[in-house]
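No lab work stands behind these numbers, since they all come straight from the coordinates. All of these numbers come straight from a predicted model, not from anything done at the bench. Cβ coordinates were reconstructed from backbone atoms using ideal geometry, including for glycine residues, and neighbour counts include every protein chain displayed.
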Amino acid sequence: MIEFLEKNLLTCSIKNLTGIECPGCGMQRAFLALIKGDILSSLNFNPSLIPFLLTVLYVALHLGFSFKNGARNIIWLFSFTVAIMFVNFVAKLISHS
C-alpha cells in the first residue's frame, strides 16, 4: 500500500508554476516516512508535519472531552505549527536562491 502511495504522490501546482516549493511541499513524503517509522526523514521532508498531526489530535480530543483551556491551547499549537512552516519556507527560499 505504501509503495502505491509513493508512486502516486500529488504534484504541487505552485512548484510547477514557480519552481519554488510552497510551505506545504514535502508533507506527503513526510507523512509516508513517518508511517514507515523514519522520523528523521519525515522532519527533513517537512518539519511541520508532526506538530500539525499533534494539533489535529489535540483538536479531536478537545472536541470529545472539552478541555478547560482547550481553545487557547489549540491557538498556541496552531501558531507553533505555522511558525515552523514559515521558518522552513523561508529557509527553502534562501537555499533556493
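Key figures for this structure:
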item	result
Neighbour-count order for Leu93, Leu40, fewest beta carbons within 10 angstrom listed first	Leu40, Leu93
Degrees separating the helix 49-65 axis from the principal Cα axis of the chain, which is the longest one	30 degrees
Which of Thr18, Thr55 has the fewest Cβ neighbours within 10 Å, and the rest in rising order	Thr18, Thr55
Whole-Å semi-axes of segment 1-52's equivalent ellipsoid (Cα gyration tensor)	19, 15, 7
Angle in degrees between helix 70-96 and the longest Cα principal axis of the chain, rounded to the nearest 10	20 degrees
Linear extension gain, Ile2 paired with Asn44, 0.36 nm per residue minus alpha-carbon span	13.2 nm
Computed lengthening from Thr11 to Asn73, 0.36 nm per intervening residue step minus Cα-Cα distance	19.0 nm
Computed over the chain: relative contact order in percent, which uses C-alpha pairs under 8 Å that are six or more apart	26 percent
Greater than 32 Å apart at Cα, pairs in Lys7/Lys68; Lys15/Lys36; Lys36/Lys92	Lys7/Lys68
Ratio of the Cα radius of gyration of segment 2-96 to 2.2 N^0.38 Å, where N counts its residues	1.22
